Amino acid sequence: MNRQPAAFLSSARRPPFPFLRRLLLCSLIVLVGCEKKPAPDTAGAAGSRFFAVSFQTLNNPFFVDLNDGLKQVIDEHGDRLVTLDAQFSSLKQKNDLSDVIEQKPAAIFLNPVNWESVRATLIAARNAKIPVIVVDAPVPDADLVLAQVASDNVAAGRLAAQALGDARPQAKVAILQYSVNKACVDRVAGFTDVLAKSFPGATIIARQDVKGTSEATRPVMRDLLGRFPDLDAVFPINDPGAIGCVSAIDAAGRSGKVLVVTVDGSREAAQFILNGGIHSTSAQFPKKIGSLAAGAAYDHLAGKPVDKEIKVPVTLVTKANAAEFVK
Amino acid sequence: MKNCKAILPLLGAAVLLLAIFRALAPAFLSGSNLLDLAQQISVNAILAFGMTLVILSGGIDLSVGALLALGGTAAAAILPAGGFIAALAAGIGVGALFGLGNGLVTARTRIPPFIVTLATMLVARGCALRFNEGRPMSIALTQETFLALGNSRCAGVPLPAIFMGALFVLGSGLLHRTRYGQHLYAMGGSREAARFTGIGVARVEVIAYVLCGALAGVAGLIQTAQLYSAEPASGQGFELNAIAAAAVGGASFKGGRGTMLGTLLGAIIIGILDKGLNQAGVHFSFQYMVKGAVILAAVGSDVWRRKETR
């Protein structure tokens, strides 16, 4: 057994950790000496409120833009926004938000990692009488939230399928879905619906679940290209995924042979549409989602009624109009 | 008691952090916030208790995050048909089973535990993703007993925190009051010497990994109940948080040194940091930097103090 710690502690030369002991004592005195101040009245007047938002990830320009939309409106009112990154972990999201709920924000904006696992958080917020506005991806417990603001994701999937079918009606398609997330589930539902109804010649030859990031999508796409030599179209559920696909297609030497259609409308994807690589993306308007969500929160705080479901329309971005989205 | 003195610096660091965050976020020391803290650290602390056993043996277990996901998904799959007890048994059993695999391969071959448990991490993750094609599995609201594991309170204290406390007491008892604990310390100090004194080194090692796996299963059950759903893809990186808690708590990666109390304090310090930085409104990018710096400082000061007294 290692006896060093004991030997050190019994050393008679000097008392152990004199500094730390004094520090400990001082800290304790400080702690005990401070009587508990009442929490600041955060639900009070404009200019003193604070809001919190938790995103499933901030490693995606979509959520950064959405955050900007929120922040812009909240800054205009002179209030404060705390932004939290859940890093795709439901448990981290739950813990982050319970930290925030303890501080009684005026409202919480929530982009759930997993649309089912946020229930405990929603209940905690309701008990603390804090309104929750869900952004981008819906949750099943609609009665626990004030409002849900999202793109029309089914429509986004439909647009993507239409664009793909028009360009390549006999396509052999791979779908890279991310089924933890309801927004992504909806996109795939819209996509498969239109493909089945309007383009009977097209077939879905592979479906795989992958997180919507470039680095996660790239290897999955490489494998699919290896497995299916006749694969000639892919629907990754978002722009970062599409960029991962383009990189995989280039690496496999099949540039131009595989059509990529996706959803998001980020600057990066628009650039790829102009230079070739991505065929189209159904553009969402994350800043708009953010500003509408913040607007709904302020309406509610002012006692005005708020729509339960706010759908933000999407537009198809192709080579024809991509230049507008590169700005 | 020498244990109490050895953890004095950790206690000091925890109190210091509490004081700092008390100044930055006024309601930080309120009762409800501290109870919330206890609930939040429970999953990481339970993983870290298991990790401490393995680290004491001179090993490491990278598979606990994946085992947490697998335990949770296995329980969620069994729950509707098999009921509460069967779900608990499935969650903990599957963790223990993979732990047994880790232990047997580590003890019987010369493959380093880092690699063995890395492989187990991948296999267990794959097994978890077999359930429901990788999609989360929700727990029906009628499974009240199971959901209570993560969400109920007993005398105002969240149940996960009570489980953490109970497992801490059991773990400390195992380390400091049983022959097994003595053997584990002896083996971690010097495997050869332990073998020559007649300790069944392989058996001691295997048991450490089995307990670590079983505790990962327990953590998986608690997480699943807390989130109302089992997520096959969850728990990624949790092994690193557990290792960080053990390291901050003074566990040595050479084996033979570390205590449950230290690990618990390590988990508390990391939990205070997470909570405090959130409540102080620190930008999330700085949170990582601060956390990294604190872990390095904590372990660094520990190493430095030991060297100085040599």
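Bear in mind that the values in this text are calculations on the coordinates, not laboratory data. All values derive from a computational prediction rather than experimental measurement. As a convention, Cβ positions derive from the backbone with ideal geometry for all residues, glycine included, and neighbour counts pool all protein chains shown.
Other chains near A:207-219: what is the mean number of their Cβ atoms within 10 Å of each residue's Cβ?
Mean partner-chain Cβ count within 10 Å for A:207-219: 1.
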Point to revise | Dipole of the protein assembly as shown [Lys/Arg +1, Asp/Glu -1 at C-beta], most positive-end residue of A:Ala128, B:Leu227, B:Gly58 | key: B:Gly58
**Study point:** Alpha-carbon spread of the range A:140-288, three principal axes, descending order, Å
**Key:** 49, 31, 26
Study note, to complete from the structure: Residues B:Val169, B:Val201 in order from fewest to most other beta-carbon atoms within 10 Å are B:Val169, B:Val201
Check your understanding: Once you sort the root eigenvalues of the Cα gyration tensor of chain A as a ≥ b ≥ c, which label holds: rounded (a/c under 1.5), prolate (a/b larger than b/c) or oblate (the other case)?
Key -> oblate
Exercise for review: Return the long-range amide H neighbours of A:Ser151 (sequence gap of 5 or more, or a different chain), with a cut-off of under 5 Å between placed amide H atoms.
Suggested key: A:Asp136, A:Val312
Check your understanding: Considering amide H positions built from the backbone, and no H for Pro or chain starts, which residues 5 or more places from A:Val82, or on another chain, come under 5 Å of its amide H?
Key -> A:Phe51, A:Ala52, A:Val53
Check your understanding: Over the range B:34-301, what number does the Rg to Rh ratio reach, with both radii from the alpha-carbon atoms and Rh per Kirkwood?
Key -> 0.97
Review point. If one takes the longest principal axis of the Cα atoms in chain A, at what angle in degrees, from 0 to 90 and to the nearest 10, does the Cα axis of helix A:214-227 lie?
Key: 40
**Study point:** Ellipticity estimate at 222 nm from DSSP helix runs (n ≥ 4, -39,500 (n - 2.57)) divided over the protein assembly as shown, nearest 500
**Key:** -20000 deg cm²/dmol
Review point. At what distance in angstrom do the alpha carbon centres of the range A:41-112 and the range A:243-297 lie from each other?
Key: 26
Practice item. Determine the dipole magnitude for the protein assembly as shown: charges of +1 sit on the beta-carbon of Lys and Arg, -1 on that of Asp and Glu, nothing else is charged, the reference point is the Cα centre, and the result goes in debye to the nearest 20. Key: 2500
Study note, to complete from the structure: Protection proxy (average C-beta count within 10 Å per residue), highest first, orders B:263-274, A:172-183, B:278-289 as B:263-274, A:172-183, B:278-289
Review point. For chain B, which DSSP H helices look membrane-span-like by this rule: Cα extent along the axis of 20 Å or more and mean Kyte-Doolittle of at least 1.0?
Key: B:8-24, B:31-56, B:64-108, B:113-130, B:159-177, B:201-227, B:260-279
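Among B:Met137, B:Met187, which comes first, then next, by fewest other beta-carbon atoms within 10 Å? Working shown, then result.
Details: B:Met137 19, B:Met187 26.
Least crowded to most crowded, the residues run B:Met137, B:Met187.
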**Study point:** Cβ neighbours within 10 Å from other chains - mean over A:116-122
**Key:** 6
Check your understanding: Of B:Lys275/B:Lys307; A:Lys197/A:Lys287; A:Lys129/A:Lys304; A:Lys129/A:Lys308; A:Lys104/B:Lys291, which sit over 22 Å apart, Cα to Cα?
Key -> B:Lys275/B:Lys307; A:Lys197/A:Lys287; A:Lys104/B:Lys291
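Which order results if A:Thr203, B:Thr224, B:Thr259 are arranged by neighbouring Cβ count within 10 Å, fewest first? Don't skip to the end; give the middle numbers.
Details: A:Thr203 12, B:Thr224 32, B:Thr259 23.
Listing A:Thr203, B:Thr224, B:Thr259 from fewest to most nearby Cβ atoms yields A:Thr203, B:Thr259, B:Thr224.
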**Study point:** DSSP-assigned coil residues among trypsin sites (Lys or Arg not before Pro) in the range B:190-291, each with at most 16 further Cβ atoms within 10 Å
**Key:** B:Lys254
Practice item. Apply the Debye scattering formula to the range B:130-180, with a single equal point scatterer on each alpha-carbon and no solvent, then give log10 I(q)/I(0) at q = 0.19, 0.24 Å⁻¹. Key: -0.77, -0.88
Point to revise | Dipole axis of the protein assembly as shown (+1 Lys, Arg; -1 Asp, Glu on Cβ), positive-most option in B:Gly82, A:Leu195, A:Ala270 | key: B:Gly82
Point to revise | Note, ³J(HN,Hα) from phi for the range A:156-172, Karplus 6.51, -1.76, 1.60, rounded to Hz, x at Gly and Pro | key: 4, x, 4, 4, 4, 5, 4, 4, 5, x, 4, 7, 8, x, 9, 4, 9
Check your understanding: So which trypsin sites (Lys or Arg not before Pro) in the range A:119-167 pass both tests, a DSSP loop state and at most 12 other Cβ atoms within 10 Å of the Cβ?
Key -> A:Lys129
Check your understanding: Using alpha carbons only, how many degrees (0 to 90, rounded to 10) separate the axis of helix A:18-33 from the longest principal axis of chain A?
Key -> 90
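Please pull out the direction-averaged projected area of the protein assembly as shown, using the convex hull of its alpha-carbon atoms, in nm² to one decimal place.
Values: hull surface 124.8 nm².
Seen from a random direction, the Cα hull of the protein assembly as shown projects 31.2 nm² on average.
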Point to revise | Coil-residue chymotrypsin sites (Phe, Trp or Tyr not before Pro) of the range A:227-327, DSSP, other Cβ within 10 Å capped at 11 | key: none
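Excluding A:Thr57 itself, what net charge comes from residues whose Cβ is under 10 Å from its Cβ, given Lys and Arg +1 and Asp and Glu -1? All intermediate terms of the calculation are to be shown ahead of the outcome.
Details: positive: A:Lys211; negative: A:Asp85.
Combined, the nearby Lys, Arg, Asp and Glu give 0.
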Exercise for review: Report the full-extension gain for the segment A:Ala216 to A:Ala196: residue separation times 0.36 nm, less the Cα-Cα distance, to one decimal in nm.
Suggested key: 4.4 nm
Revision key, fill the gap. Candidates B:Gly71, B:Gly83, B:Gly255; GNM for chain B (alpha-carbon contacts under 10 Å) flags as most fluctuating B:Gly83
Check your understanding: What dipole magnitude, in Debye to the nearest 20, does the range B:34-301 give about its Cα centre under +1 on Lys/Arg Cβ and -1 on Asp/Glu Cβ?
Key -> 640
Point to revise | Local electrostatic count, A:Gly157, Cβ distance below 13 Å [Lys/Arg +1, Asp/Glu -1] | key: 0
**Study point:** Cα→Cβ-extended label distance, 7 Å offset, between B:Leu34 and B:Leu170, nm
**Key:** 2.7
**Study point:** Degrees between helix A:182-198 axis and first principal axis of chain A (Cα, 0 to 90, nearest 10)
**Key:** 10
Check your understanding: Where does the charge balance sit around A:Asp232 when Lys and Arg score +1, Asp and Glu -1, over other residues with C-beta under 11 Å from its C-beta?
Key -> +3
